[in-house]
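The next block holds one structure in the form of structure tokens; read it before the comments.
Just so you know, all these numbers are worked out from the coordinates, no wet-lab data involved. Just so it is clear, the structure is predicted and the values come from calculations on it, not from any experiment. Every residue, glycine as well, gets a Cβ built from its backbone with ideal geometry; the counts of neighbours run over all protein chains shown.
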Amino acid sequence: MPISPALIKEFQGVIGAEQVFTEDADLQCYSYDAAVLTPVMPALAIAPTTQEQLCKCVKLAYDNDMPITVRGSGTNLSGSTIPQKAGSVVILTNRLNRILEINEEDLYAVVEPGVITAQFAAAVTAKGLFYPPDPGSQSISTLGGNVAHNAGGLRGLKYGVTKDYIMGMEIVDFNGELVKTGSRTVKYVTGYNMAALMAASEGTLGIFSNIIFKLVPPPKASKAMLAEFDDVNKASASVAGIISGHIVPCTLEFLDNNCIKYVEADTKAGLPVDAAAILLIEVDGGHPQLVEEDAAKVMEVCRKCGSTNIRIAQTAEEKFKIWEARRNALPALARARPTTVLEDATVPRSQIPAMVAAVNEIAKKYKLEIGTFGHAGDGNLHPTILCDRRDKEEFARVEAAVDEIFDVALKLKGTLSGEHGIGLAKAKWMEKETNRATIDFNLRLRRALDPKMLFNAGKKFV
Ligand SMILES: Cc1cc2nc3c(=O)[nH]c(=O)nc-3n(C[C@H](O)[C@H](O)[C@H](O)COP(=O)(O)OP(=O)(O)OC[C@H]3O[C@@H](n4cnc5c(N)ncnc54)[C@H](O)[C@@H]3O)c2cc1C
């Protein structure tokens with residue numbers, strides 16, 4: 001649906017003509033994201049550069065009944081930033097990208113939503129502090145997108161995920177007014193915990209215009225290990241053994257044989273291509289001696305559970321190689337076929353062997369190639385289906401396989417998504433995980449904060 005020239009002029013009056021995009025070539029860039037879904041063109045895209053401009057733009061769009069999709073870097077894997085309704089405006093946060101404060105005394109930082117995650121983490125490190133959430137997309141994802149999807153990462157097991165670092169924020173509501181929640185203080189009980197509500201809100205409740213993040217002191221020592229297994233169940237038993245042995249590694253990652261083969265072909269990192277699975281493990285802490293002891297305990301558990309070989313990184317280069325292998329899992333799989341369908345089924349940790357076995361059965365049943373990797377310590381697996389979307393017959397099998405993967409995850413008392421979100425891609429399964437009453441409850445909440453249901457219409461709860 002085309003937008004009226006008069007309304008375009010109004011937006012230009014608020015933020016300047018150079019921040020308003022109306023040409024198809026520009027709009028096309030905002031019609032898709034990292035999900036494997038059909039692109040939908042917005043009617044308009046705008047890039048405010050100040051909080052004040054953002055407020056005015058939201059009011060203008062809302063008053064004119066324009067569906068609003070806010071977009072960070074568009075790396076989400078659930079179609080969260082694909083505009084769903086005709087006449088949508090996409091609000092870009094990439095020019096709201098200032099780090100406003102890093103407070104070394106009180107251990108917090110204040111940022112605009114378009115700051116790139118890795119750039120923020122590096123700025124914090126330069127001040128001798130630590131911001132742990134580290135999604136695989138951190139070199140391009142934004143902090144606003146991380147909050148809206150409650151992004152996790154490799155360090156989730158010990159350090160938690162994005163929600164665990166939000167101290168407060170300012171949110172632009174549907175009237176273009178600024179709503180404040182949280183504080184720079186460690187404790188805060190003055191209002192509802194709206195920051196918690198905003199984590200994983202997927203752009204459906206309002207737009208964060210700045211965020212206060214907690215920072216922590218960095219660990220002083222760390223040890224990285226790679227444990228090989230000839231049986232996936234032995235790898236899973238090691239995960240359970242490490243956790244029940246009360247060792248909390250900062251990272252505990254799983255790669256199955258398919259992933260190992262693709263990563264090794266790609267990176268030549270010296271991975272054991274015959275292993276049924278590997279665990280990549282890192283322990284860290286404030287005292288080198290304790291870290292050594294934890295590393296020794298982890299190796300003992302893995303050996304007892306049947307690890308055929310354990311390598312401990314002796315140098316920074318060896319450690320880098322171990323994590324490079326993990327970081328390359330998705331890119332290596334993605335290079336294998338034209339389309340990569342990356343899923344996010346998450347189960348209680350004890351159910352990892354059952355989930356991995358089920359995914360392998362599903363791969364056989366539907367004659368598909370699936371590589372599974374993920375955050376084993378969190379029960380968060382990423383079964384990754386390698387296919388070609390243009391092949392309709394194959395893609396129908398992929399869709400049936402994804403249905404079954406979710407069925408199994410839910411049967412194992414798991415969840416549809418550990419970190420990638422619901423968006424458009426998974427909205428149809430929400431009732432299966434919850435029930436209609438839950439969805440209606442969430443929709444009532446949403447309507448209270450967005451009476452015309454214009455914020456990211458058609459996503460998450462439908
Ligand atoms: C290669 C790759 C690896 C990945 N690895 C991980 C991983 O390890 N862990 C993980 O959790 N995810 C991962 N992801 C998924 C994705 O990167 C994350 O969900 C990330 O948080 C999205 O950030 P973004 O800036 O790209 O947000 P976008 O994709 O632009 O937006 C995501 C959501 O946030 C909303 N949003 C954005 N800004 C705001 C704002 N200011 N106010 C309100 N809502 C807003 C959008 O409307 C949308 O609903 C990965 C993706 C890729 C492609």
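Worth a mention:
- Neighbourhood charge, 14 Å Cβ-Cβ cut-off, centred on Y108 and excluding it, Lys, Arg +1 and Asp, Glu -1: -1
- Difference of contour (0.36 nm per residue) and Cα-Cα distance, A6 to Q119: 36.8 nm
- Over the C-alpha trace of the stretch 99-214, radius of gyration and Dmax come out as 13.2, 40 angstrom.
- Isotropically averaged projected area of the chain, using the convex hull of Cα atoms (one quarter of hull area), nm²: 21.9 nm²
- 0 to 90° range, to nearest 10: angle between helix 117-126 axis and the chain longest Cα axis: 70 degrees
- Annotation: extensible slack from K367 through S244 equals 40.6 nm (criterion: 0.36 nm per residue apart, minus Cα-Cα distance).
- Rounded to two decimals, the Cα-based Rg/Rh of the stretch 5-92, with Kirkwood Rh, is 0.95.
- Computed over Cα pairs, the Kirkwood radius of the stretch 161-205 leads via Stokes-Einstein (0.890 mPa s, 25 °C) to a diffusion coefficient of 219 µm² per second.
- When the alpha carbon gyration tensor of the stretch 193-331 is reduced to an equivalent ellipsoid, the three semi-axes, largest first, read 30, 20, 16 Å.
- In degrees, nearest ten, helix 257-267 long axis to first principal axis of the chain (Cα): 80 degrees
- By the Kirkwood approach, averaging reciprocal distances over each pair of separate Cα atoms, the stretch 337-432 gets a hydrodynamic radius of 13.3 Å.
- Straight-distance crosslink candidates among lysines, where the alpha carbon sits under 17 Å from K459 and sequence neighbours closer than 8 are dropped: K85, K426, K428, K432
- The calculated FRET efficiency for D65 paired with N103, based on their beta-carbon distance and R0 = 30 Å, is about 0.15.
- Extension gain, A316 to K432: 0.36 nm times the residue separation minus the Cα-Cα distance gives 37.2 nm.
- For the stretch 322-375 versus the stretch 408-462, the inter-centroid distance based on Cα atoms is 24 Å.
- Note, ³J(HN,Hα) from phi for the stretch 408-423, Karplus 6.51, -1.76, 1.60, rounded to Hz, x at Gly and Pro: 5, 4, 5, 4, 7, 6, x, 9, 5, 8, x, 7, 8, x, 9, x
- Rg/Rh for the stretch 276-354 stands at 1.03; both radii use Cα atoms, and Rh follows the Kirkwood definition.
- Rg and Dmax [Cα atoms of the stretch 266-411; Å; Rg one decimal, Dmax integer]: 17.4, 57
- Equivalent ellipsoid semi-axes - Cα gyration tensor, the stretch 387-462, angstrom: 27, 17, 9
- Scattering curve values for the stretch 52-141, log₁₀ I(q)/I(0), Debye with Cα scatterers, q = 0.14 Å⁻¹: -0.62
- Loop-located trypsin sites (Lys or Arg not before Pro) in the stretch 127-167 (DSSP state other than H, G, I, E, B) with a sparse environment of at most 14 neighbouring Cβ atoms within 10 Å: K127.
- Percentage of interatomic Cα-Cα distances in the stretch 270-310 larger than 15 Å: 48 percent
- Between helix 51-63 and the chain there is an angle of about 70 degrees, using the helix long axis and the longest principal axis of the Cα atoms.
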